[in-house]
Ligand SMILES: C[S@@+](CC[C@H](N)C(=O)[O-])C[C@H]1O[C@@H](n2cnc3c(N)ncnc32)[C@H](O)[C@@H]1O
């Protein structure tokens, strides 16, 4: 990632952080995806979990509701982490969750360290995904799982290609209606802004799940399964086994 793109992304998330839980955090589709990530991960008591791009901690907290595990949560936004840290302190969970300001690109964990490496709607911000997938693979124990929840949307191509624009608009139609229904105008406005960012491709690089699947295989994962989020099939969850 160039320094400028990284700065733009950080400013974007710093601006969103205070409203994250009252906008995307209100959308049923988001919680359905997070729940599916946790159930597909097969998390068990005693597992160690890495949450990449943890944001305000919605995914990490769901892992802890499911199992008595320990979580390493990283994010490149200080503001997002600040909100998560407040929740950790309020819920007396600092013995279970450790947060660090770190980008996916810069993460450096010992090999074979985690049972689960998970990430939700964060890795599409990474431009060079291959090296990050390799890091995730290396950080997993044998038999460990990489679990990804994200939109199934390919935003690659020329910005002035009308077919690309239509692909994105078709996706947004469902997303924006749902945001309005679940979170009212504030959620709609946020998601509309996100959509414009995807269309303008300002530092975003979403890919479809066939491409994610290929990236997993290229990184060395043996088996990969993709499950649509029930009722919200434009989002999917991928599990890759090491
Ligand atoms: C849409 S939020 C998702 C937060 C959380 N995973 C969830 O599902 O609610 C995306 C998060 O990814 C973080 N992020 C974006 N690019 C990142 C990168 N390259 N490395 C680490 N975190 C990143 C942002 O700061 C933001 O907190």
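Readers should treat all values here as calculations from the given coordinates under stated rules, not as data from a laboratory. For clarity, every value in this text was computed on a predicted model and none was experimentally measured. Here Cβ is always computed from backbone atoms with ideal geometry, including for glycine, and neighbour counts include all displayed protein chains.
In the frame of its principal axes, the chain has Cα extents of 48, 41, 38 Å, reported largest first. Pick from 117, 224, 37: which residue has the top mean-square fluctuation in a GNM of the chain where Cα pairs under 10 Å get a spring? With Cα springs under 10 Å in the chain, the top fluctuation among 117, 224, 37 is at 224. Each part reduced to its alpha carbon centroid, the stretch 20-78 and the stretch 120-135 end up 17 Å apart. Take the Cα radius of gyration of the stretch 90-234 and divide it by 2.2 N^0.38 Å, N being the number of residues; the result is 1.18.
For the chain, what is the percent of antiparallel DSSP beta bridges, rounded to the nearest 5?
On the way: 14 of 33 bridges.
In the chain, DSSP labels about 40 percent of beta bridges as antiparallel.
Counting residues in the stretch 1-132 as N, plug N into 2.2 N^0.38 Å and put the Cα Rg over that result. Intermediate values should be presented prior to the final figure.
On the way: Rg = 14.2 Å, N = 132, 2.2 N^0.38 = 14.1 Å.
It is 1.01.
Neighbour counting of Cβ atoms within 10 Å sorts the residues 56, 155, fewest neighbours leading, into 155, 56.
Over the chain, what is the mean sequence separation of C-alpha contacts under 8 Å (at least six apart), divided by residue count, expressed as relative contact order in percent? Don't skip to the answer; put the middle values down first.
Details: 441 pairs, mean separation 54.2, N = 242.
This gives 22 percent for the chain.
Multiply the residue separation of residue 96 and residue 227 by 0.36 nm, subtract the distance between their alpha-carbon atoms, and state the gained length in nm to one decimal.
Values: separation 131, 0.36 × 131 = 47.16 nm, distance 2.86 nm.
Value of the extension gain: 44.3 nm.
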